[in-house]
Amino acid sequence: MLSQRFSLGAQLVIGLLPICYGLMLIAALPNTRQWVVIIGIALLILLVFCGSFGYPLQTIWPIFPGAFLLLACSAAFFQDAIDELPLTRQPGELIAMCVIAALYLAWAVRATWKAYSAFA
C-alpha cells in the first residue's frame, strides 16, 4: 500500500514538471489569455474523451502533462516566440520539449495498455 501511494505521489510530481514549464511558456506568449482558453478547452475535451473509457485517473494522468506541454510548444511554434522561451531562448529547446511531451504520451499509452490488460 505504501509503494502504491509513493507511486501516485511520484507520478503527480513528475507530471507537474511539464505543466510548470508549459505555464511559463504560455505566460511569455503575446496572447496569453487566448492561448490559455484554447488549451483549456482542448484539455477539457481530452478529459471528457479519456474519462469516457472508464479507466482510473492515475492511468490516464500522464496524458494531460504531455498534451499540455505539446499544446504549449505548438502555441510557441505558431507564434514564432523563440525569444520568449524560458530556459535557453534557442529553437532546440522547443524541439526537446516536444520530444519530452511525446515521451509522456508514450507513458500514458503504456499505462493505459497495462490497465486494459489487467481488466480484460
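The values are calculated or read from the model by the stated rules, or taken from the named source; none is laboratory data. All of these numbers come straight from a predicted model, not from anything done at the bench. Counting neighbours? That spans all protein chains shown, and the Cβs are built from the backbone with ideal geometry, glycine included. Ligands, DNA and RNA are excluded from the accessible area calculation, which covers all protein heavy atoms including side chains. Shrake-Rupley method; radii C 1.70, N 1.55, O 1.52, S 1.80 Å.
Charged neighbours of Ile26, selected by a Cβ distance under 12 Å, balance to 0 (K, R count +1; D, E count -1). The three principal axes of the C-alpha atoms in the stretch 1-87 carry coordinate ranges of 46, 29, 16 Å, sorted with the longest axis first.
Each peptide in 26-33, 64-71 was scored by the mean count of other Cβ atoms within 10 Å over its residues; highest first, the order is 64-71, 26-33.
Taking the C-alpha atoms only, the angle from helix 91-119 to the longest principal axis of the chain is near 10 degrees.
Think of a 1.4 Å ball rolled over the protein heavy atoms: the stretch 14-120 then has 59 Å² of accessible area per residue. In the chain, the portion of solvent-accessible area held by carbon and sulfur atoms comes to 73 percent [1.4 Å probe, whole percent, DNA, RNA and ligands not counted]. Entry note, the chain: the mean residue ellipticity at 222 nm calculated from DSSP H runs of n ≥ 4, each adding -39500 (n - 2.57), is -27500 deg cm²/dmol after division by the residues and rounding to the nearest 500. The magnitude of the dipole of the chain, with charges of +1 and -1 set on the Cβ of Lys/Arg and Asp/Glu and taken from the Cα centre, is near 440 debye. When the chain is described by a simple charge dipole with +1 on each Lys and Arg Cβ and -1 on each Asp and Glu Cβ, the residue from Ala28, Gly92, Leu43 located farthest towards its positive end is Leu43. Full extension of the segment from Ile95 to Val109, taken as 0.36 nm per residue of separation minus the current Cα-Cα distance, would add 2.9 nm. Between Leu87 and Ile38, the simple label model (points 7 Å from Cα in the Cβ direction) yields a spacing of 2.3 nm.
When only alpha carbons of the stretch 37-120 are considered, Rg and Dmax amount to 14.8, 49 Å.
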